[in-house]
Amino acid sequence: VRERPSGNLQAGAGFSQVQGVIITASVTQENFLGTGNQISASFSNSGVFQTFTGSFLNPYFTKDGISLGISVFRTTTNAGDANVSDYNTTQLGAGVVFGVPVTEFDTVDLGLEVENVTFVSGINASQEVLDFEEQVDSEYNVVRLTANFARDTRNSRILPDYGSLTSISTELSVPGLDLSYYKLQLRRQQFIPLGQNFTFLLNGVVGYGDGLSDTPDLPLTENFLAGGVRSVRGYRSNTLGPRDSRGEPLGGNLLVTGNAEIILPLPFLPNTKQVRVTGFFDVGNVYGFNDSIDAGVLRASTGLSAIWLSPLGALTFSVALPINDQPIDETEPFQFTFGTSF
């Protein structure tokens, strides 16, 4: 159904963070044994994540069109290599998701995930990481309920230029186990045509989470993170927001990001659906539990971005100028990532 790297870490989002070779491989059978069901297996390996995933999808589990997806996954994460506090996790789990079509444009997904996480602090771990390791005794189990609603009127899932997307995602870690928490995230994306050759894009994301029962705060591994080619470009990936006692990015429980873009025409490739160039203005940050909500701490940037749907996958590049960066910020004018960013 899906793989779950820790929190919202971004891998390889900045040029200076690409370490070694990023390897990905996948095999998919769309019509397994003539049943109409889909099975797939995938593997990816980078400086941050190593993930194995196997999944099964029955798109017509019921006569009403409800789909059934089942997945198993194993993910190892080196958070320190993603510019975050120094720790490592190994996640082993399985999940099931029911997809409920409501209308032509509206869908609801209801899921259940069971996950075992091994948590190991790094050599340069901060006190916050050591405290969390002691709290979970280096290992914890989570049973997670998920519910997602989406209204999608875009004309394409890949490089759309018309329509809108509204999605609401929720997670609830069932109380009574090692960690209990909840997370909510709202996303709104709107494409506005400006004549024949230009399209204006507005995109906004707000996320919030907190602990439940005996878990006082949102677990460290579930913190929201910002910065990088998928949020506020021009700032090193995952580095915005609160920092730990060693000055390393820690993430927080409240995420606010917004993007305004103009999709630019390409005179030399007038009809291509493989390349897109945009001019953008990004703004956003992450707030911690003890932070006051202050618009003055939002970071902003502007620049140019390009997406190329290459034969090996989507490549996203950006050249950005941070507008109101502070001495503590880690800026990165040129960034790129390999993989989907839509």
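The values are calculated or read from the model by the stated rules, or taken from the named source; none is laboratory data. On a predicted model such as this, the values are computed, not experimentally measured, just so you know. Please note: Cβ atoms are built from the backbone with ideal geometry, for glycine as well, and neighbour counts cover all protein chains shown. These accessible areas exclude ligands, DNA and RNA; they are computed on the full protein's heavy atoms, side chains included. Shrake-Rupley method; radii C 1.70, N 1.55, O 1.52, S 1.80 Å.
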How would you order 32-39, 81-88, 161-168, 253-260 from highest to lowest mean count of nearby Cβ atoms within 10 Å? 81-88, 253-260, 161-168, 32-39
With a Förster distance of 51 angstrom and the Cβ-Cβ distance between Ala41 and Leu304, calculated FRET efficiency to the nearest 0.05 equals 0.85
Averaged per residue, what accessible area in Å² does the chain show with a 1.4 Å probe, protein chains only? 49
Answer with one residue from Ile123, Ser318, Asn253: the one whose Cα lies farthest towards the positive end of the charge dipole of the chain, charges on Cβ with Lys, Arg +1 and Asp, Glu -1. Ser318
The chain: longest stretch without exposed trypsin sites (Lys or Arg not before Pro) (DSSP loop, at most 14 other Cβ within 10 Å), sites themselves excluded? 64-156
What is the gain in length, in nm to one decimal, between Asp329 and Leu312 on full extension, counting 0.36 nm per residue of separation less the C-alpha to C-alpha distance? 2.8 nm
Once you have a ≥ b ≥ c as the square roots of the Cα gyration tensor eigenvalues for region 16-171, tell me rounded if a/c is under 1.5, and otherwise prolate or oblate according to whether a/b is larger than b/c. prolate
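Could you grab the relative contact order for the chain? Cα pairs under 8 Å, six or more apart, rounded to a whole percent.
Rounded, it is 12 percent for the chain.
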Separation of region 71-89 and region 101-130 by C-alpha centroid, Å? 11
So what is the orientation-averaged projected area of region 293-339, using the convex hull of its C-alpha atoms, in nm²? 4.2
Cut-off of 10 Å, at most 11 other beta carbons, DSSP loop: longest stretch of the chain lacking such GluC sites (Glu not before Pro): 105-342
Taking only C-alpha positions in region 187-342, Rg and Dmax in angstrom work out to 17.1, 60
Within region 199-268, report the chymotrypsin sites (Phe, Trp or Tyr not before Pro) that DSSP leaves as loop and that have at most 15 other Cβ atoms within 10 Å. Phe268
Round to a whole angstrom and tell me the spacing of the C-alpha centers of region 289-325 and region 173-251. 13
If each Cα of the chain is one equal point scatterer, what is log10 of I(q)/I(0) from the Debye formula at q = 0.10, 0.14, 0.15 Å⁻¹? -0.63, -1.32, -1.52
Expected 222 nm ellipticity per residue - DSSP helices of 4 or more, -39500 (n - 2.57), all of the chain, to 500: -1000 deg cm²/dmol
Taking a point 7 angstrom from the Cα of Leu130 along the C-beta vector, which residues in region 228-245 have backbone N less than 15 Å away? 244-245
Mind checking the full-extension length gain between Phe281 and Leu112? Use 0.36 nm per residue of separation minus the Cα-Cα distance, one decimal, nm. 57.1 nm
Please tell me the relative contact order of region 196-342 in percent, rounded to the nearest whole number, where contacts are Cα pairs under 8 Å and at least six residues apart. 23
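For region 139-217, what does the convex hull of the Cα positions come to per residue, in cubic angstrom?
Details: hull volume 8.3 nm³, N = 79.
Taking only Cα atoms, region 139-217 has a hull volume of 104 Å³ per residue.
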With an 8 Å cut-off on Cα pairs and a minimum separation of 6 or more residues, tell me the relative contact order of region 260-342 in percent. 23
How much of the accessible area of the chain, in percent, comes from carbon and sulfur atoms when a 1.4 Å probe is used? 59
